[in-house]
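*Asks:* Right, I'll just put the structure down here and ask away after.
Read-outs: derived from the displayed coordinates by stated rules, not from any lab. These numbers come from a predicted model, not from an experiment. Here Cβ is always computed from backbone atoms with ideal geometry, including for glycine, and neighbour counts include all displayed protein chains.
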There are 2 protein chains.
Amino acid sequence: MAPLRWGFMGSGKINNDFATAIDTFSKNEHKKVAVAARKKASAEAFAKKFDFEKSYDSYESLALDADIDIVYIGTVNPNHYELCVLCIENGKHVLCEKPLTLRLEHTQKLIKLAEEKGKFFQEAVWSRFFPIYERVRQELKAGSLGEINLVTAMFGFNDQQTARLMRKDLGGSSLMDIGGYTIQFALQVYGPEMPQKVHAVAIKNVEGIDMSVAITLQWKGGQIAQLTSSFLAKLDSSAQIWGQSGSLEVHEPFWCPEEMTLKGKTEKHPLPMVKHDLEFRNGQGMVYEVQEVKRCIDNGLTESPHFTHKETLIIAQIADEVKKQIGLSFEEIYSGDKEKWKESV
Amino acid sequence: MAPLRWGFMGSGKINNDFATAIDTFSKNEHKKVAVAARKKASAEAFAKKFDFEKSYDSYESLALDADIDIVYIGTVNPNHYELCVLCIENGKHVLCEKPLTLRLEHTQKLIKLAEEKGKFFQEAVWSRFFPIYERVRQELKAGSLGEINLVTAMFGFNDQQTARLMRKDLGGSSLMDIGGYTIQFALQVYGPEMPQKVHAVAIKNVEGIDMSVAITLQWKGGQIAQLTSSFLAKLDSSAQIWGQSGSLEVHEPFWCPEEMTLKGKTEKHPLPMVKHDLEFRNGQGMVYEVQEVKRCIDNGLTESPHFTHKETLIIAQIADEVKKQIGLSFEEIYSGDKEKWKESV
């Protein structure tokens, strides 16, 4: 099988960790072709550090590069939609960081476009490809927990400073940044169906961005999920499945885990070693996502069975309902002078 | 100070544990005068086991006994209201098991009546008198956790068999039986104010009784509580306070605890030894409630400052709103043939 040829959009922290993950594979499997960033110097430095063949100061140039099979998009949230369109329309496979977009309508359009074009397309919910999530799926399939009616998950840290989390023009919001991890956990258990009830309350900052959000979901069979995300306090960021025959806990950090406890017995699945310093906790765990993307593309799949387009869509639908209930909208950053938000990339 | 002279209504499991708690004190402090139950044999057996002076097969007779200062009511839920009225109107102090009543209107009437009569009156939320709850109050007063915006608590076990939990005519419901413990925990942190928002979803049995209920509360300052109670699965029944400067966890069983962890440091407060077998987990912890009741009465207080009438009322108001949202009502057991439900006492 030919190596998968990668292009990167963005040269920030998340791109650092994703390139580090790719670096654990041989060049016969994954090839780092080009990186694009708004600033030429940033792109060049990144290309040098991670041994990319080329660098661009234009996303368009990267999208047109015929040597690239798949583009990894790791820019700030408000850019995701336009960059995904650019890549898909130029015939690239795409792996785009979460949240895929800030608007339900954009997510719907992207999925439709990707399916029309028949390219591999995925929101980078890396959690799903960790060995522990595979174990969770095994146990759910085996039914070892009995009937499950409650799922809980919390994700919280204390940070009211980081611009990309706090500012509306950068797509900040605890819901959009980390809340999606709690929602995907519930969907992993109950399956990709829209809940019947969505209840949300939030604590917002002066810009109207949610610093904390507490969400209750209930599906038509009665199943409940209680989810919380917060930038206001360090929470025990683990996730639980409470079955009638026992419980399963994915330990903190549940979104990129190394440990779980099933019916009182703890299992460890250590992550691989990597060559570079990481920016995010367990960032090396992106290796599993890299592997899965290649497996899918090699097999002609346009989505991973472990995190489907349908799930991306349901997360966006739930987030849309939550946003309505807590009075949060990103519409204003998509009207008027678009250069305003592009500056912050 | 004269000994406090106790009468008991009911001779079931909870009465067993409460009598056991009283038995840890000297007869110069607490005196067991009489017990009343619907069946003469039950009352006699209970009186013999715990060395009560008298037994009655009539609640009225006990309420009229001039040798009694305070009545402990431990019957099933639907009787609480009438028995409280009976005792208060006959000039007794009253300690009544939770839930105080099944209807907001009843709780409002009881508190009004007790305040008019000037007798000590308390819903038996024993949790509040444990040494660990005193420690929680100390830390909250000291402000050591910083600003607090999230409180979480879960209480769950797997039992779909026990009649008093499952049956509407016995006042069953996870909300009424154990949900109150989660609500009182949030009020301990945020203070006795009605939240601005109450959101609830439930899973109900064929009778329409909630087997699980998930509640989100939000106060006007933004503070959130996420609470869950369930008869469908064994949950980690602990409670957490998440502050900006650190967290405090009251370990399972948080409603009658021996351990807490404050900013990573675990404290133990073991419970006293008792003479009889217990029916409920840490039932001996009722000793703290017994102590507090005597302290209040000796000092002429009509309510404990650690669990006030106002808190009882707010719990009832929250429960009332939850019941409305989940479509649960106990009204039918108060109309028509009242003997029907009395039978089950």
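*Asks:* Residues of segment A:76-90 with backbone nitrogen within less than 18 Å of a virtual label 7 Å along the Cα-to-Cβ line of A:A45, please, listed as ranges.
*Replies:* A:76
*Asks:* Right, something else. Give me the Kirkwood hydrodynamic radius of the protein assembly as shown, using the inverse of the mean 1/r over all pairs of distinct Cα atoms, in Å to one decimal.
*Replies:* Numbers: mean 1/r = 0.0362 Å⁻¹.
After inverting the mean inverse Cα-Cα distance, the result is 27.6 Å.
*Asks:* Can you tell me the FRET efficiency between A:D67 and A:H276 if r is taken as the Cβ-Cβ distance and R0 is 22 Å, rounded to the nearest 0.05?
*Replies:* Numbers: r = 24 Å, r/R0 = 1.07.
That pair, A:D67 with A:H276, gives E of 0.40.
*Asks:* Can you tell me the dipole magnitude for chain B around its Cα centre, using point charges on the Cβ only (Lys, Arg +1; Asp, Glu -1), in Debye to the nearest 20? Write down the numbers at each step before the final one.
*Replies:* Working: 42 positive and 47 negative charges, 27 e Å.
The calculated dipole for chain B is roughly 120 debye.
*Asks:* Another question, if that's okay. Using the Karplus equation 6.51 cos²θ - 1.76 cosθ + 1.60 (θ = phi - 60°), what ³J(HN,Hα) coupling, rounded to whole Hz, does each residue of segment B:256-269 give in order, writing x for Gly and Pro?
*Replies:* Once θ is set to phi - 60°, the couplings for segment B:256-269 become 7, x, 10, 9, 9, 10, 10, 6, x, 10, 8, 10, 10, 10 Hz.
*Asks:* Across the residues of A:156-165, average count of Cβ atoms on other protein chains within 10 Å?
*Replies:* On the way: counts 4, 0, 6, 0, 1, 0, 0, 0, 0, 0.
Averaged over the peptide's residues, the number is 1.
*Asks:* Assigning unit charges at the beta carbon (Lys, Arg +1; Asp, Glu -1) and nothing else, what dipole magnitude in debye, to the nearest 20, does segment A:4-125 show about its Cα centre?
*Replies:* Values: 18 positive and 18 negative charges, 42 e Å.
In total the dipole reaches around 200 debye.
*Asks:* Taking H as built 1.01 Å from N, whose amide H comes closer than 5 Å to the amide H of A:G156, not counting residues under 5 places away?
*Replies:* Amide H neighbours of A:G156, under 5 Å, 5+ apart: A:S230, A:L235, A:S237.
*Asks:* Which percent, nearest 5, of DSSP beta bridges in segment B:4-124 are antiparallel?
*Replies:* Details: 0 of 20 bridges.
The antiparallel proportion sits near 0 percent.
*Asks:* Once a ≥ b ≥ c are taken as the square roots of the eigenvalues of the Cα gyration tensor of segment A:86-213, is the result rounded (a/c under 1.5), prolate (a/b larger than b/c) or oblate (a/b not larger than b/c)? List each step's numbers first, then the result.
*Replies:* Numbers: a/c = 1.87, a/b = 1.06, b/c = 1.77.
It is oblate, given that a/c is not under 1.5 and a/b is not larger than b/c.
*Asks:* If you average the alpha carbon positions of segment B:8-23 and of segment B:27-48, how far apart do those two centres end up, in angstrom?
*Replies:* 9 Å
*Asks:* Calculate the spin-label point distance for B:K263 paired with B:Q291, positioning each point 7 Å from the Cα along the beta-carbon direction, and give it in nanometres.
*Replies:* If labels sit at B:Q291 and B:K263, their model points lie 2.6 nm apart.
*Asks:* At 37 °C and 0.692 mPa s, what whole-number value in µm²/s does Stokes-Einstein give for the translational diffusion of segment B:216-345, with Rh from the Kirkwood sum over Cα pairs?
*Replies:* Numbers: Rh = 18.8 Å.
It diffuses with D of about 175 µm²/s by this estimate.
*Asks:* Using only Cα atoms and rounding to the nearest 10 degrees, what angle (0 to 90) does helix A:80-89 make with the longest principal axis of chain A?
*Replies:* So the helix axis and the longest Cα principal axis differ by about 60 degrees.
*Asks:* Projecting each Cα onto the charge dipole of segment A:4-125 (Lys/Arg +1, Asp/Glu -1 at the beta carbon, about the Cα centre), which of A:L100, A:I88, A:N77 comes out farthest on the positive side?
*Replies:* Checking the options against the dipole of segment A:4-125, the answer is A:N77.
*Asks:* If you don't mind, another one. Jot down the radius of gyration and Dmax of chain A, Cα atoms only, both in angstrom.
*Replies:* According to the Cα coordinates of chain A, Rg and Dmax are 19.4, 57 Å.
*Asks:* On to the next question. Set Lys and Arg Cβ to +1 and Asp and Glu Cβ to -1, take the dipole of segment A:4-125 about its Cα centre, and tell me which of A:A114, A:S58, A:S11 lies farthest positive.
*Replies:* Farthest towards the positive end: A:S11.
*Asks:* Helix-only estimate, please: 222 nm mean residue ellipticity of chain A, summing -39500 (n - 2.57) across DSSP H runs of length 4 or more and dividing by its residues, to the nearest 500. Each step should come with its number before you reach the end.
*Replies:* Details: 11 runs with 113 residues, N = 345.
Computed ellipticity for chain A at 222 nm equals -9500 deg cm²/dmol.
*Asks:* Using the alpha-carbon centroid of each, what span in Å lies between segment B:168-235 and segment A:229-305?
*Replies:* 31 Å
*Asks:* Right, another one. Quickly work out the A:K109-to-A:D57 label distance, labels modelled 7 Å from Cα along the C-beta direction, and quote it in nm with one decimal.
*Replies:* Result for the modelled spin labels: 2.9 nm.
*Asks:* Between B:E193 and A:Q196, what is the label-point separation in nm under the 7 Å Cα-to-beta-carbon projection?
*Replies:* Computed distance between label sites A:Q196 and B:E193 equals 3.5 nm.
*Asks:* Could you point to the residue in B:S26, A:V287, A:A233 farthest towards the positive end of the protein assembly as shown's charge dipole, with +1 and -1 charges on the Cβ of Lys/Arg and Asp/Glu respectively?
*Replies:* Selected residue: B:S26.
*Asks:* How shielded is B:223-231 by partner chains, expressed as the average number of their Cβ atoms within 10 Å of its Cβ atoms? The partial results should precede the final answer.
*Replies:* Working: counts 3, 9, 2, 9, 1, 6, 0, 5, 0.
Taking all residues of B:223-231 together, the mean is 4.
*Asks:* To continue, here is another question. Here are some pairs, A:K31/A:K92; A:K141/B:K234; A:K109/A:K310; B:K197/B:K324; A:K54/A:K117; A:K32/A:K54; which of them have Cα atoms lying more than 18 Å apart in this structure? Working shown, then result.
*Replies:* Details: A:K31/A:K92 15 Å; A:K141/B:K234 21 Å; A:K109/A:K310 13 Å; B:K197/B:K324 13 Å; A:K54/A:K117 26 Å; A:K32/A:K54 9 Å.
As for pairs spanning more than 18 Å Cα to Cα, those are A:K141/B:K234; A:K54/A:K117.
*Asks:* What size of dipole, in debye to the nearest 20, comes out for the protein assembly as shown about its Cα centre when the only charges are +1 on Lys and Arg C-beta atoms and -1 on Asp and Glu C-beta atoms? Show your work: numbers first, answer last.
*Replies:* Details: 84 positive and 94 negative charges, 44 e Å.
Charge dipole, the protein assembly as shown, about its Cα centre: 220 debye, nearest 20.
*Asks:* Taking a label point 7 Å from the Cα of B:V206 along the Cα→Cβ vector, which residues of segment B:167-185 have an amide N closer than 19 Å to it?
*Replies:* Inside the label zone: B:167-174.
*Asks:* Suppose we keep just the DSSP beta bridges with both residues in the protein assembly as shown; what percent of those would be antiparallel, to 5?
*Replies:* Details: 68 of 122 bridges.
Within the protein assembly as shown, antiparallel bridges account for around 55 percent of the total.
*Asks:* What Kirkwood Rh does segment B:4-124 have if only Cα atoms enter the pairwise 1/r average? Answer in Å.
*Replies:* Numbers: mean 1/r = 0.0711 Å⁻¹.
After inverting the mean inverse Cα-Cα distance, the result is 14.1 Å.
*Asks:* Is segment A:150-254 best put as rounded, prolate or oblate by its Cα gyration tensor, with a ≥ b ≥ c the root eigenvalues, rounded for a/c under 1.5, and otherwise prolate when a/b is larger than b/c, oblate when not?
*Replies:* On the way: a/c = 2.58, a/b = 1.69, b/c = 1.53.
Since a/c reaches 1.5 and a/b is larger than b/c, the shape of segment A:150-254 is classed as prolate.
*Asks:* Find how much the distance from B:K234 to B:E116 grows on full extension, using 0.36 nm per residue of separation minus their present alpha carbon separation; answer in nm with one decimal. Display every interim value, and only then the final one.
*Replies:* On the way: separation 118, 0.36 × 118 = 42.48 nm, distance 4.26 nm.
Full extension of this stretch gives 38.2 nm more.
*Asks:* Among B:226-238, B:26-38, how do they line up by average Cβ neighbours within 10 Å per residue, starting with the highest? Write out the running numbers ahead of the final one.
*Replies:* Details: B:226-238: 23.5, B:26-38: 19.2.
Highest to lowest by the protection proxy: B:226-238, B:26-38.
*Asks:* Let me ask another. So what is the relative contact order for chain A, in percent, with contacts set as C-alpha pairs under 8 Å and at least six apart? Spell out each step's value before the answer.
*Replies:* Working: 707 pairs, mean separation 67.3, N = 345.
Relative CO of chain A lands at 19 percent.
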